[in-house]
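Please read the structure below before turning to the comments.
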Amino acid sequence: VGHSDGASIALIHAGAGHAVRALALMAPHVFVEPVCVRSIAQAKQAFETTDLAQRLGKYHRDPRKTFYLWNDVWLDPEFLQWNIEEYLPGISCPVLAIQGEDDEYGTMEQLERLRRGVRGPCELVKLPACGHAPFRDQPAATLAALARFVSGLGGYPR
């Protein structure tokens, strides 16, 4: 189970040949889109001009360091070429991919490329009135999709 960059890490892990029974992904990144870069630049501005650092302090020991380690990578011009589609054909396990239709960090093209690239079964869930965090914006729909997906894995080979 992964969200955002964590979903991308799960895809790389599975696509590199590691044993994975299934992937449940929320708002995965498969390639860099302009909308994502714009939103990350806006996040930097918010971090520097609002109480965002304090709010992130609830989740991170060093919110400043954590934020800039993430933000600086995504805003590096060389990172614009980042793409993990080469890993997708190595994924044969079932995949559930959930994304909000109003995701400020990616479009539905992320899910479509994922669906076209993996070899195993792939279910896409596109949630209306939902941004980058389906578990927060649409918790009931997200939990229902995850529960349905996991319950269907009983007969799938390990």
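The values are calculated or read from the model by the stated rules, or taken from the named source; none is laboratory data. No experiment lies behind these values; they were computed from the predicted model shown. Cβ coordinates were reconstructed from backbone atoms using ideal geometry, including for glycine residues, and neighbour counts include every protein chain displayed. Note: areas computed on protein heavy atoms with side chains; ligands, DNA, RNA excluded. Shrake-Rupley method; radii C 1.70, N 1.55, O 1.52, S 1.80 Å.
Given the criteria under 26 Å from V150 (Cβ atoms) and either loosely packed, with under 12 Cβ neighbours inside 10 Å or in contact with a strand residue (DSSP E or B) (Cβ under 8 Å, 6 or more places away or on another chain) (or both), does G17 qualify?
Values: under 26 Å from V150 (Cβ atoms): yes; either loosely packed, with under 12 Cβ neighbours inside 10 Å or in contact with a strand residue (DSSP E or B) (Cβ under 8 Å, 6 or more places away or on another chain) (or both): yes.
In short, yes.
When residues of the stretch 1-45 are filtered for being assigned to a strand (DSSP E or B) and in contact (Cβ under 8 Å) with a residue 60 or more places away in the chain, how many remain? Before you say what the answer is, go through the steps one by one.
Just the residues of the stretch 1-45 that are assigned to a strand (DSSP E or B), to begin with: 2-3, 23-26, 31.
Next, from what is left, pick out any that are in contact (Cβ under 8 Å) with a residue 60 or more places away in the chain: 3, 23-26, 31.
Here the count works out to 6.
Taking helices (runs of 4 or more DSSP H) that do not extend beyond the stretch 62-158, which have at least 3 residues that are more than 17 Å from D5 (Cβ to Cβ), modelled with pLDDT of 95 or more and in contact with a strand residue (DSSP E or B) (Cβ under 7 Å, 6 or more places away or on another chain)? Talk me through it step by step, then tell me what you get.
Numbers: elements: 63-75, 109-117, 134-137, 139-151.
Counting at least 3 such residues, we get 139-151.
Is at least one residue of the stretch 46-60 touching a Leu at 6+ places or on another chain (Cβ under 7 Å), among the basic types (K, R) and either in a loop (DSSP other than H, G, I, E, B) or surrounded by 13 or more Cβ atoms within 10 Å (Cβ to Cβ) (or both)?
Within the stretch 46-60, not a single residue is touching a Leu at 6+ places or on another chain (Cβ under 7 Å), among the basic types (K, R) and either in a loop (DSSP other than H, G, I, E, B) or surrounded by 13 or more Cβ atoms within 10 Å (Cβ to Cβ) (or both).
Just checking, which of R64, R38 is open to solvent by 100 Å² or more (accessible area, probe 1.4 Å), under 20 Å from H132 (Cα atoms) and not small (G, A, S)? Walk me through it before giving the result.
Numbers: R64 fails: under 20 Å from H132 (Cα atoms).
Just one listed residue meets the conditions, R38.
Report the residue count in the stretch 71-107 for those that are within 26 Å of V20 (Cβ to Cβ), within 17 Å of the chain's Cα centre (by Cα) and surrounded by 15 or more Cβ atoms within 10 Å (Cβ to Cβ).
Total meeting the criteria: 15.
Can you tell me how many residues within the stretch 108-158 are open to solvent by 60 Å² or more (accessible area, probe 1.4 Å), touching a Cys at 6+ places or on another chain (Cβ under 9 Å) and among the hydroxyl-bearing types (S, T, Y)?
The qualifying residues number 1.
Out of curiosity, is A129 on the phi > 0 side of the Ramachandran plot and of a type in the set (A, V, I, L, M)? Steps first, please.
Working: on the phi > 0 side of the Ramachandran plot: yes; of a type in the set (A, V, I, L, M): yes.
The answer is yes for A129.
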